[in-house]
Amino acid sequence: MFQGKRVTAVLLAGGSGSRFGGSRNKVYVPAAGKPLLEYSRQVLDESPLVDDLILVSRPEDAEEIRELAARCRKPVQQIAGGATRQESVYHALAADCGEIVLIQDGARPMLKPRYVQECVAAMAVCPGATVAVRSKDTIKLADADGMVRCTTRRADTWLTQTPQCFLRDVLLEGHRQAGKDPEITDDCMLLERMGQPVKLVEGDYTNIKVTTAEDLILAESFLRQ
């Protein structure tokens, strides 16, 4: 318990992995000897701040997610994901959750205990938090025709990662207000739309999301180190 509040970790494993290639869900692909998803599961299962886990997966991955759940020492629920990331998170929030929810992408194997600690600690002062890194590059905003509209100030530009952490009731209300919106690409956007503050927790550049086969090569290099 964190200051008397139950903390539920939501591990998202329901993506199609279409950009990765192949028919198998990328989160079950081996990396440095273990499935990608296993790295995050282990950190969350061993964290003293996490009380229970929710594993969100596709119905066709039921057998693999059961094997993963069997290795959990903490209470665990298996939830079917939706058609989008937003729907999958909403399904998890509608289940038996704690007052604080920590959401982790299953395709980010470099989860560190520090991220969990700092994101959960932020809930004492803020309803939302996300791990993020400062942009190394200059970011351009463009229109639909690929024409530059403006340039962000690099010192103010961050690239968000996971985990992301929220007070459950606030995040759930954000989902209810937004409905099904294809523009929602992470949960922090829901709080932003409501005018709720979100704290940035500085991460590091090894915390990559495996999206393509090339990403897997890089992730394996980090994991072996």
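Could you list all residues from the range 95-104 that are of a type outside the set (S, T, N, Q) and surrounded by 24 or more Cβ atoms within 10 Å (Cβ to Cβ)?
Ile100, Val101, Leu102, Ile103
How about the range 119-132: which of its residues are open to solvent by less than 10 Å² (accessible area, probe 1.4 Å), among the β-branched types (Val, Ile, Thr) and over 19 Å from Arg193 (Cβ atoms)?
Those that are open to solvent by less than 10 Å² (accessible area, probe 1.4 Å), among the β-branched types (Val, Ile, Thr) and over 19 Å from Arg193 (Cβ atoms): Val120, Val131.
Is it fair to say Gln164 is outside any helix (DSSP H, G or I), in contact with an Asp or Glu (Cβ under 6 Å, 6 or more places away or on another chain) and in contact (Cβ under 8 Å) with a residue 60 or more places away in the chain?
Criteria met by Gln164.
Would you mind stating whether Arg58 is farther than 27 Å from Thr212 by Cα and modelled with pLDDT under 95?
When the stated conditions are applied, Arg58 does not pass them.
Would you mind finding the one in Glu38, Glu63 that is of a type in the set (D, E, K, R), assigned to a helix (DSSP H, G or I) and open to solvent by 20 Å² or more (accessible area, probe 1.4 Å)?
Of Glu38, Glu63, the one residue that is of a type in the set (D, E, K, R), assigned to a helix (DSSP H, G or I) and open to solvent by 20 Å² or more (accessible area, probe 1.4 Å) is Glu63.
Can you go through Gln86, Gln77 and tell me which one is assigned to a strand (DSSP E or B) and either surrounded by 23 or more Cβ atoms within 10 Å (Cβ to Cβ) or touching a residue at least 24 places away in the same chain (Cβ under 8 Å) (or both)?
The match here is Gln77.
Working only within the range 6-20, note down all residues that are at pLDDT below 95 and either among the basic types (Lys, Arg) or open to solvent by 30 Å² or more (accessible area, probe 1.4 Å) (or both).
Selection gives Gly15, Ser16, Ser18, Arg19, Phe20.
Could you identify the single residue in Leu200, Leu190 that is in contact with a Gly (Cβ under 8 Å, 6 or more places away or on another chain) and more than 28 Å from Val29 (Cα to Cα)?
Testing whether each residue is in contact with a Gly (Cβ under 8 Å, 6 or more places away or on another chain) and more than 28 Å from Val29 (Cα to Cα) leaves just Leu190.
The values are calculated or read from the model by the stated rules, or taken from the named source; none is laboratory data. What you see is a predicted model; the values in this text were computed from it and never measured. All Cβ positions, glycine included, derive from the backbone under ideal geometry; neighbour counts span all protein chains shown. For accessibility, only protein heavy atoms count, side chains too; no ligands or nucleic acids. Shrake-Rupley method; radii C 1.70, N 1.55, O 1.52, S 1.80 Å.
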